[in-house]
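Written out below as structure tokens is the structure these notes cover.
The values are calculated or read from the model by the stated rules, or taken from the named source; none is laboratory data. Values in this document were obtained by computation on a predicted structure and should not be read as measured data. FYI the Cβ positions are ideal-geometry reconstructions off the backbone, even for glycines, and counts take in every protein chain you see. Surface accessibility is based on the protein's heavy atoms, side chains included, excluding ligands, DNA and RNA. Shrake-Rupley method; radii C 1.70, N 1.55, O 1.52, S 1.80 Å.
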Amino acid sequence: MFGRKKHSAAGFGAQTVPKPKTSGNYLSFIGDCSLGKAERDLYSSLRESVPIIDAAIGKIVRLTGCFSIVTEDGKAQKTADDFVKNVRVNSTDIGLMSFVSRYLDSLLTYGEAVGEMIPDSSGREIAALYNASLDDVELSIDKNPMDIIVSSRRDGVPVPVDYPQLVVAGLLDQKPGKARGTSVLSGLPFVSSVLLRILESVKTNWERVGDVRFAVTYNPGDNGVFTEENARQIADEWKKAMRGDSVCDFVSLGDVSVKVIGAENRMPDCEIPVRVILEQIVAKLGIPPFLLGLSWSSTERMSAQQADILTSELEYYRAAAEPAIKKIVGTHLRLSGYNCGFDVVWESINLQDEVELSQARLNNANAMRIERESGLEELNG
């Protein structure tokens with residue numbers, strides 16, 4: 001009668017997956033909800049259509065680096081290390097870093113990210129992590145603007161999840177009073193549309209250049225006789241010459257001229273406008289151009305100022321992902337019976353050339369030596 005209640009594995013499925021409608025109270029939302037599907041599809045299409053955008057986001061995620069968990073208890077440290085390294089993520093991945101990478105990727109692309117902790121059948125530890133699709137969930141705020149409510153869609157109706165403590169949600173650069181984040185791609189749809197239009201026109205022009213169109217003009221002259229049958233014969237013979245598998249000549253009587261359509265036109269130079277547009281995209285994403293394969297200068301390299309700016313950007317994204325990491329690790333430690341504190345320790349960001357760093361350390365050491373020698377001379381004097 002007073003025994004421990006057994007937990008079934010089926011009771012801990014992912015809550016953020018759409019389910020059929022069930023009876024219950026539906027939430028009445030206040031304020032703006034998360035991004036609409038149309039806006040998410042727009043950002044997804046930007047990454048698919050403009051490779052440099054997709055490459056920049058991927059590099060930001062990878063440059064953010066790895067992290068480790070440092071606890072105040074030795075036994076808890078082993079539990080945390082094993083969890084960070086071996087926790088199952090989605091269907092095929094392993095490790096908390098895999099979850100964080102996809103979480104951060106969603107934050108950058110859509111300004112929003114949702115994940116879920118799935119306990120094991122006993123409820124004593126986190127067995128898996130799941131990156132929820134934003135098409136399956138909806139973020140909102142209720143009467144308390146300090147809390148974000150995560151709801152799953154059931155037959156198109158958003159219903160709050162039953163165990164919100166197992167769900168992590170993040171908003172990048174949250175708009176005040178709204179459950180909406182800001183994507184790093186905001187402001188790029190117009191610029192990208194201009195770039196795609198230029199590339200499409202280049203594609204069309206090269207198709208015309210590669211597949212030449214001809215204009216054949218027949219002038220019978222004053223003594224010639226022009227009939228519709230003659231024109232048809234010339235057209236048929238020209239088509240045969242063009243369709244031939246081997247090079248052949250077109251022979252006709254009379255004054256016949258053949259011109260290439262559009263041969264007198266010049267293809268507009270698109271290098272400058274494309275570079276201007278790419279500069280806008282690179283400025284918005286905050287990645288040095290040469291890291292994306294844009295060699296605008298033969299001697300371009302990362303300066304100290306660029307490295308400092310990129311480092312601050314990466315630290316900002318680390319801070320955006322850290323609350324989810326702390327909630328996941330903290331929940332797993334408490335379920336495992338540990339209530340000790342812990343810290344998330346990120347790897348140091350090193351974007352400078354090792355030669356420059358060595359030279360800087362040498363200069364500092366020489367400066368300190370000179371100061372010590374000058375100080376000793378003053379004392380001896």
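Some points to look at:
- Selected residue (criterion: nearest to the chain's Cα centre (by Cα)) from residues of the range 62-86 that are buried (at least 19 other Cβ atoms within 10 Å of the Cβ) and β-branched (Val, Ile, Thr): 64
- Subset of the range 175-190 [open to solvent by 30 Å² or more (accessible area, probe 1.4 Å) and either at pLDDT 85 or above or under 21 Å from the mean Cα position of the chain (by Cα) (or both)]: 175, 180, 182, 186, 187, 189, 190
- Only one of the numbered conditions (1) assigned to a loop (DSSP other than H, G, I, E, B); (2) modelled with pLDDT under 75 is not met by residue 209, and that is (1).
- Residue in the range 311-320 that is touching a Ser or Thr at 6+ places or on another chain (Cβ under 9 Å), at pLDDT 85 or above and not charged (D, E, K, R) present: yes
- Conditions (1) of a type in the set (A, V, I, L, M, F, W, C); (2) open to solvent by 10 Å² or more (accessible area, probe 1.4 Å); (3) in contact with a strand residue (DSSP E or B) (Cβ under 6 Å, 6 or more places away or on another chain): number failed by residue 89: (2)
- Taken over the range 114-170, the criterion of being hydroxyl-bearing (Ser, Thr, Tyr) and out of contact with any Lys or Arg (no Cβ under 7 Å at 6 or more places or on another chain) is satisfied by 121, 122, 130, 133, 140, 151, 163.
- Condition check for residue 77: at negative phi and modelled with pLDDT of 90 or more: yes
- Close pairs from the range 277-299: first open to solvent by 80 Å² or more (accessible area, probe 1.4 Å), partner of a type in the set (A, V, I, L, M) and at pLDDT below 85, Cβ under 6 Å, at least 6 apart: none
- Test: residue in the range 134-147 that is at pLDDT 90 or above, under 12 Å from residue 169 (Cα atoms) and among the polar types (S, T, N, Q): no
- Residue in the range 133-141 that is of a type in the set (Ser, Thr, Tyr), touching a residue at least 12 places away in the same chain (Cβ under 8 Å), farther than 23 Å from residue 316 by Cα and surrounded by 15 or more Cβ atoms within 10 Å (Cβ to Cβ) present: yes
- The number of residues in the range 142-157 that are surrounded by fewer than 20 Cβ atoms within 10 Å (Cβ to Cβ) and either part of a strand (DSSP E or B) or touching a helix residue (DSSP H, G or I) at 6+ places or on another chain (Cβ under 6 Å) (or both) comes to 3.
- Of all residues assigned to the range 102-123, at least one qualifies as being buried (at least 22 other Cβ atoms within 10 Å of the Cβ), of a type outside the set (Val, Ile, Thr), under 17 Å from residue 41 (Cα atoms) and free of Cβ contacts under 8 Å to residues at least 40 places away in the same chain.
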